[in-house]
1. Where Lys and Arg each count +1 and Asp and Glu each count -1, what net charge lies around GLU308 among other residues with Cβ under 11 Å from its Cβ?
2. I need the peptides 57-64, 390-397 ranked by packing, meaning the mean over residues of other C-beta atoms within 10 angstrom, with the highest value on top.
3. For a Förster distance of 25 Å, can you work out the FRET efficiency between the beta-carbons of ASP444 and GLU413, rounded to the nearest 0.05?
4. Using the beta-carbon distance between ALA506 and ARG352 and R0 = 45 Å, what value does 1/(1 + (r/R0)^6) give for FRET efficiency, to the nearest 0.05?
5. At 1.4 Å probe radius, can you tell me the per residue accessible area of segment 419-459 in Å²?
6. What residues of segment 399-432 lie in the reach of a label at ASP231, counting those whose backbone N is under 17 Å from a point 7 Å from the Cα along Cα→Cβ?
7. Provide the percentage of antiparallel DSSP beta bridges, counting only those with both residues in segment 345-498; round to the nearest 5.
8. With θ set to phi - 60° and the Karplus curve 6.51 cos²θ - 1.76 cosθ + 1.60, what are the ³J(HN,Hα) couplings of segment 99-113 in order, to the nearest whole Hz, using x for Gly and Pro?
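The values are calculated or read from the model by the stated rules, or taken from the named source; none is laboratory data. Keep in mind that what you see is a predicted model, and the values were worked out from it rather than measured. All Cβ positions, glycine included, derive from the backbone under ideal geometry; neighbour counts span all protein chains shown. Areas reflect the complete protein model, heavy atoms only, side chains present, ligands, DNA and RNA absent. Shrake-Rupley method; radii C 1.70, N 1.55, O 1.52, S 1.80 Å.
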Amino acid sequence: MILRRLHLHGSVSRRSLASAGTLRGTAPRTLPSAGLLRRLHDSAGDGASSESEHSRKPGPLTLYRNLVNQGKLTHDSYQENVASELDNLLTRLQRYEMEMEDYHAKMYIWENSREKERRRLLVEEAQDKQRDGVWIDEKRGFLDKLVSRRRRSSIEPGVGKWVSYLNREKKLDKLVGQRPIAPVAPKGLYLYGNVGSGKTMLMDMFYGATEGVIKHRRRFHFHEAMLEIHDHMHDVWKRRDDDKSVQSSSFSWISSLPFDAKIKEWLIGEEKYKQETQQKHILLAVADKFLVDRQANKTGASILCFDEIQTIDVFAVVALSGILSRLLSTGTVLVATSNKAPEDLNQDGMQRDIFLELLSKLDENCNKILVGTEKDYRRLIPTEGSTQNHYFCPVTPDTRSMYEAMWHDITNEIGGNIISVTIPVMFGRSIEIPQSCNGVARFDFEYLCGRPVGAADYIAIAKNYHTIFISEIPAMSMKIRDKARRFITLIDELYNHHCRLVCLAASPIDDLFQGTEEGPLFDLESLKLMPKGQS
């Protein structure tokens, strides 16, 4: 995949290789950029009904056919089939949205009633406890009470809390009734196929069409999702530490109650136990925060679009399994893309039992669709125009001169001074940009890939700069495997954020990742070399 993203779509010279796609400016003939897709959403539905905003916005199939008719896409039967499936899903989601509105209205009443009754039960228990120090039944005699005290003193504290919690929950089920039943969510879609087959383009068409239809929607690329998971895990841990404090706002309702300090301590202990029980598994708590806007507004349906699902390490397997399983179990509809079928995601067999649970959830909640075209449509993108990427190689006085000339031309055209700046990164970090000029940045390979930086840094750069210059890119072998992995992540994020890229490298793209006698540098299908005959 990385080689395909760097490759020229058309003729290639050794001095300047254009990039894998138009990342800014004019869209390619067969694979429009996300920016163009958003603009085309406004123009493609000129003949649509004007009854409502929803009916005016074209669905994925209408948009796809309009783009084909306008000559901006080449017709592909696999892509049209996927667009049709996405269109059908969008129709079902409109009904599901209304069903979820009704469900969440019932849930709001049920949750508030249950919490009100739970606190009432706690206060009654506290009143009994304050009167006598033990649970009291006025009709029971002295001996019964004495035996009751001795029994309670022999109960292990943890077991006692657990039994009290369960008994209280059973009482609440009788007083308030069972949890409202959620409507059955429509099955999502899991799109898989070769690199460049149009999976992400089609998913983005669908995501754009859900605006104004689905209340809670998020779109993630794999690296962004992993970073957000880490960020939410940090927040959950921090909140748990804060909630352990007696001064926590979670216990503010207890402070005004007319009880002794020891009784209030008991109430706080019961509240803490409830929180710990409900948040025992951190990934479940993270999943509940994944659709951020749901925290403020719990009505309506949820859609998660997830680009390039992959399982690169144990954490990815465990995190994705826990979070996606939770979201799918609570009614979120998933539309995902990947280069591999679900069963092929974890070929190393990491955390197999957990992974099999994820497969079961995906099979239950998503229809798998192969985008089976053999073409890499990004190879058909035209190379003319100043908005294209450029790849200069090998490093010679001539190619360096061309690289420097392009830097000067672009910065002079944009205007402004070339300065060093610092930009914020996730988790309270920052990264220095050595040469920055109004949306254009310049680095060398070692600065970006030879230091302990990663996806969070690259996403910050991609969000702040539309054009990136990278020089001194070496041919990469097993000796610098870590640097090569960082470079792959960097190119992925620049591509995902539609940045323009200008490179000065030691070798042509096909020779950039050097293998060993045992095989290629990276045993990943996405890194297979492109067909020969292009240098």
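1. Net charge in that neighbourhood comes out at -1.
2. Descending packing order for the listed peptides: 57-64, 390-397.
3. Computed FRET efficiency for ASP444 and GLU413 comes out at 0.65.
4. Rounded to the nearest 0.05, the efficiency is 0.65.
5. 43 Å²
6. Only 423-431 fall inside the zone, counting backbone N under 17 Å.
7. 65 percent
8. 4, 6, 4, 5, 4, 5, 5, 5, 5, 4, 5, 5, 5, 5, 5
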